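This report concerns only the one structure given below.
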Amino acid sequence: MTEKKMISWEKLEKIDPRYLFLILIALLIVPLLNPIGLPISINNTTRSAYDLIEGLPSGSNAFIFIETAVSGWPELLPGLIAVTQHSVQKGLKIVFAPGGSAVDYSLTMERVFASVDFSKYQYGVDYVYFGYFPGYETGVATLAQNFRSVYQTDYQGKSIDSLPLMKNINSAKDFKVATVFASSEGGYWLIKHWGVGQGVPVIVATVAVGASGVIPFYGHGMTGMILGTRGAAEYELLLKTPSTAVKRLDGLNIAHLLFMVTVVVGNIGYFASRGKRR
Amino acid sequence: MILKHFTTIDLASGMLMSWAVQIGAFAMALGVVAIVRLHGGYIAKRTPGQWFYSLWMMIVLIVMTLLGLHGEITAANSLANPGYNWLVNNVYSALGIAEYAITGFFIFSAGFNALKARTWESLFMIIACFGLIFYNTTLPETVWVGFPVFGGWVFSTGSVAALRAILISGSLGGIAFGIRVFTGKERGYAAE
């Protein structure tokens, strides 16, 4: 009898992960199809980001640095769309520039242009889209000092000097806000070279795993932060346009709940079987 | 560069950074040469279990380079080539998404297997892990609204203090290491 019990405890400790994966997939699909709509409180970091853009006068220059590949979409794309939408609503002049890990940036930009209403915006006058710049951190630092040493043309091959919006822009100091959507090191680069180096208010939207790395700069080089899916969901709620991130947050909740349950079950199994072994 | 950061003296930092960007672009070419040498060797020697993958890598490298160059030459944009664009959008990106998504499952099973309270340290690790989940998800705040408030305080106060200490000491160590490399006192792996 005792031996039978011990065997069952050991099984509990060593559940085949494939069963866990199946449960995880099933639980992730349900809230995507039928959002639960759990309440979401707003973190200070997200509110700071929102307030910064909200407080800018119409016509201010905003820099949006895309440092994520398509693989970062689940956490970063909803935030990118929300911030761009907010910037357009506020009438900001937007400069988009991809770099770092954003090698497939054209797909990201296609999604942004398809999701945000740019009908009242004129290309070259109200917004500009540059192609990929090389150099990673050095590229970001160089952009902060001299845009034209990195870019001579925009994404379409038009000369930078032929774009009316760029006539008065040549360094970080010409922007009122810089936002980065980073799945890698992009947050650090913008904080160091634009936030601390040039005094530009910086918003960092990062994948959740990167948050602990940039949080030390909150209030000192980083004005606001949009933390992964939750941050994007909070931003959507602040904009009063709940969308993709709010739906995904339900899935995130359930996945993490399952994770905690499995850790607890695994520990119960571990202690029970250890006691029996003794 | 240090003078530029801490003073108003510019010197030639802007020019140096422009150089760094250009050198970085050229480093890509150097990377290609290194890859061709390495994998070319595998193919020439028919290294068991490797040469076929190396050959496939070389084929992909050549195809992507030629298609990208075609777009650059004809329209000053590699993505203007439909073949290159199709491969990036439908192969590279799809594989990237799949790879990133799979890590979620690995983390799940790794957490289940590793997060066992075998020692006091691992127990604290589990508590910290649960604390972060309570802060970063919204389900716990349906039970108690104080979770995000308390979690936010820990995250932006205790965590920030510890991380700043690590960051400052790491940066000072990096500067000291750099000085030792430049003065020839550091002859370890990274300096050679």
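A short reminder: the numbers here are calculations on the coordinates, not readings from a lab. Because the structure is a prediction, the values reported are computed rather than measured. Quick reminder, even Gly has a Cβ in these numbers, built from the backbone with ideal geometry, and neighbours come from all protein chains shown.
Rg over Rh for the range A:85-155 works out to 0.98, both radii taken from alpha-carbon positions and Rh defined as the Kirkwood radius. Potential lengthening of the chain between B:I35 and B:V154 amounts to 38.2 nm, from the contour at 0.36 nm per residue minus the alpha-carbon distance.
Look at A:K173, A:K120 and count the other Cβ atoms within 10 Å of each Cβ; fewest to most, that gives A:K120, A:K173. Under 17 Å from a point placed 7 Å out from the Cα of B:A128 along the Cα-to-Cβ direction: which residues of the range A:256-272 have their backbone N that close? Counting backbone N atoms under 17 Å from the label point, the list is empty. Only Cα sites of the range A:230-278 enter the Debye sum here, all with the same form factor; the resulting log10 I(q)/I(0) across q = 0.16, 0.25, 0.26, 0.32 1/Å is -0.57, -0.83, -0.86, -1.01, listed in q order.
For the range B:42-192, take N as its residue count and report Rg(C-alpha) divided by 2.2 N^0.38 Å.
1.69
Counting only DSSP beta bridges with both residues in the protein assembly as shown, what percent are antiparallel, rounded to the nearest 5? Working shown, then result.
Values: 1 of 28 bridges.
Antiparallel bridges make up about 5 percent of those DSSP assigns within the protein assembly as shown.
Computed extension length for B:W120-B:L163: 13.3 nm, one decimal, from 0.36 nm per residue of separation with the Cα-Cα distance subtracted.
Just the number, please: Stokes-Einstein D of chain A in µm²/s, Kirkwood Rh from C-alpha pairs, 10 °C, 1.306 mPa s. Approximately 78 µm²/s, per Stokes-Einstein. With a cut-off of 18 Å, note down the residues of the range B:81-123 whose backbone N falls inside the zone around a label point 7 Å from the Cα of A:S115 toward its beta carbon. Answer for the range B:81-123: B:93-94, B:97-98, B:101.
Grab the Cα-Cα distance for A:N44 and A:Q122, subtract it from 0.36 nm times how many residues apart they are, and report the gain in nm with one decimal.
On the way: separation 78, 0.36 × 78 = 28.08 nm, distance 3.39 nm.
Full extension from A:N44 to A:Q122 adds 24.7 nm.
Each principal axis of the Cα cloud of the range A:1-95 was evaluated for its coordinate range; sorted largest first, these ranges are 77, 28, 24 Å. Axis angle, to the nearest 10 degrees, between helix B:159-182 and the longest C-alpha principal axis of chain B: 40 degrees.
Shown in residue order for the range A:159-174 are the 3J(HN,Hα) couplings computed by the Karplus curve 6.51 cos²θ - 1.76 cosθ + 1.60 at θ = phi - 60°: 4, 4, 6, 8, 8, x, 4, 8, 4, 9, 10, 8, 8, 4, 5, 7 Hz (x for Gly and Pro). Remark: the protein assembly as shown projects, on average over all directions, an area of 28.6 nm² (convex hull of Cα atoms).
Cross-link list A:K120/A:K176; B:K45/B:K185; A:K93/A:K240; A:K120/A:K158; A:K90/A:K173; A:K158/A:K247: which exceed 32 angstrom alpha carbon to alpha carbon? Intermediate results must be reported in sequence, preceding the final value.
Numbers: A:K120/A:K176 21 Å; B:K45/B:K185 41 Å; A:K93/A:K240 22 Å; A:K120/A:K158 21 Å; A:K90/A:K173 20 Å; A:K158/A:K247 39 Å.
Those over the limit are B:K45/B:K185; A:K158/A:K247.
Tell me the angle of helix B:13-45 to the major Cα principal axis of chain B, expressed in degrees between 0 and 90 and rounded to the nearest ten. Relative to chain B, helix B:13-45 is tipped by roughly 70 degrees.
In chain A, the longest principal axis of the Cα atoms and the axis of helix A:44-54 are about 20 degrees apart.
Taking the number of other C-beta atoms within 10 Å as the exposure measure, put B:T137, A:T142 in order starting with the fewest.
Numbers: B:T137 26, A:T142 23.
Placing the least packed residue first, the sequence is A:T142, B:T137.
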